[in-house]
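Notes to accompany the following structure.
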Amino acid sequence: MSQKPKVTVKEIEMSVDALDVQEAARIFKEHGCLVVRGLMAPYIDAIHQDIEAAAAESISLLDKAERIVEGWRTPNGTLFLPAPSGYRRDKQIMVLAVGYQTSAAFFRSALDETSVSIVEAILGPNVELFGNGQCLYKEPVGGHPKHLHQDSAYFEHRYEGPVGILNYVVDTDLGNGALHVVPGSHRLGQLKHIDTFSHLGLEENEWPWECALPVVGKAGDSIFFNVKTVHGSKQNMSDKPRPAFINRYRRTDDYVVIGGTTTANRAEAEKRAAAAAEAKKASSDRGLMLRGFRPFTS
């Protein structure tokens, strides 16, 4: 896909101050993405404080990091990748260990009534949290790029899959790693991914950055995206960190059937899924209920 996006940011954005939930859901379903300006503004200061505390903690633990398939993991759970040449350290943060179990502000943001109302209009009446929250932290002067990809490459679901909401913690532009989305790409189904510097991604010759729509925003702006919507972000070339946090939601009957972080371990997961008669949702895979009711199933 080498063509430029036919959709502009204006066509997929709304303001939280003039929000029509049903129109927001319509935009999301048509384009696989939605921008809501100012949605997370009430939570940003507290979350930013917790994120920077977690970053300092993680860096202090770097000498205790263990080598794993995806990079290096510190004892508190932060994932590091190799730093660009000439950086003051040889490793930089990619996924910061801060989430619902460590930050009350982060957890409160996931319960935001407006956010959940939009998700309910998209997914239906029974909605649960998926995951424990995620913080993607681009350190300054090179902070890792994330190739264009689908989240479903990492956690492919039985049904519609999660709705993700990526939230800017600082003002974010083309210089410090704005999110890029490819409107309409959610209709293409599951695409083949390759191994990249930042784990699973799409072949760059087939999916160049020019085909994606950059979303510049202020701290507190939020971008909703379908689990199969192609998205990614370039390096942070500014002199300050660019953190962003993600809340994810799904139908209560949905569940992961194939997961992975590399082509090798995803291929193994595909074999296991094919060998099973039919994967079922386990009790351990349930998220906290946010809307509706979960009936008992044997």
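Just so you know, all these numbers are worked out from the coordinates, no wet-lab data involved. Small disclaimer: the values here were computed from a predicted structure and weren't measured. For neighbour counting, all protein chains shown are included, and Cβ atoms are generated from backbone atoms with ideal geometry for every residue, glycine included.
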- Quick one: how many residues across the stretch 123-134 are surrounded by fewer than 21 Cβ atoms within 10 Å (Cβ to Cβ) and more than 16 Å from the chain's Cα centre (by Cα)? 3
- Query: Does residue 99 fit the bill of being part of a loop (DSSP other than H, G, I, E, B) and surrounded by 19 or more Cβ atoms within 10 Å (Cβ to Cβ)?
  - Reply: yes
- Task: Any residue in the stretch 158-178 that's touching a residue at least 24 places away in the same chain (Cβ under 8 Å) and acidic (Asp, Glu): show its pairings with residues that are surrounded by fewer than 23 Cβ atoms within 10 Å (Cβ to Cβ) and assigned to a loop (DSSP other than H, G, I, E, B) at Cβ separation under 6 Å, as long as the two are six or more apart or on different chains.
- Result: 171/218; 171/219; 173/216
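Need at least 3 residues that are charged (D, E, K, R), without any contact (Cβ under 8 Å) to a residue 40 or more places away in the chain and surrounded by fewer than 16 Cβ atoms within 10 Å (Cβ to Cβ) per element, so show me which strands (runs of 3 or more DSSP E) inside the stretch 43-88 make the cut, counting only ones lying wholly within it. I'd like the intermediate steps shown before the answer.
On the way: elements: 66-68, 71-73, 79-82.
Of the strands (runs of 3 or more DSSP E) lying wholly inside the stretch 43-88, none has at least 3 residues that are charged (D, E, K, R), without any contact (Cβ under 8 Å) to a residue 40 or more places away in the chain and surrounded by fewer than 16 Cβ atoms within 10 Å (Cβ to Cβ).
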- Which condition number in (1) in contact with a Leu (Cβ under 9 Å, 6 or more places away or on another chain); (2) surrounded by 15 or more Cβ atoms within 10 Å (Cβ to Cβ) is the one that residue 204 fails? (2)
- Query: Among 113, 139, 156, which is over 24 Å from residue 280 (Cβ atoms), surrounded by 18 or more Cβ atoms within 10 Å (Cβ to Cβ) and of a type outside the set (A, V, I, L, M)?
  - Reply: 139
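Please enumerate the residues belonging to the stretch 89-102 that are touching a residue at least 40 places away in the same chain (Cβ under 8 Å) and among the polar types (S, T, N, Q).
Of everything in the stretch 89-102, those that are touching a residue at least 40 places away in the same chain (Cβ under 8 Å) and among the polar types (S, T, N, Q) turn out to be 92, 102.
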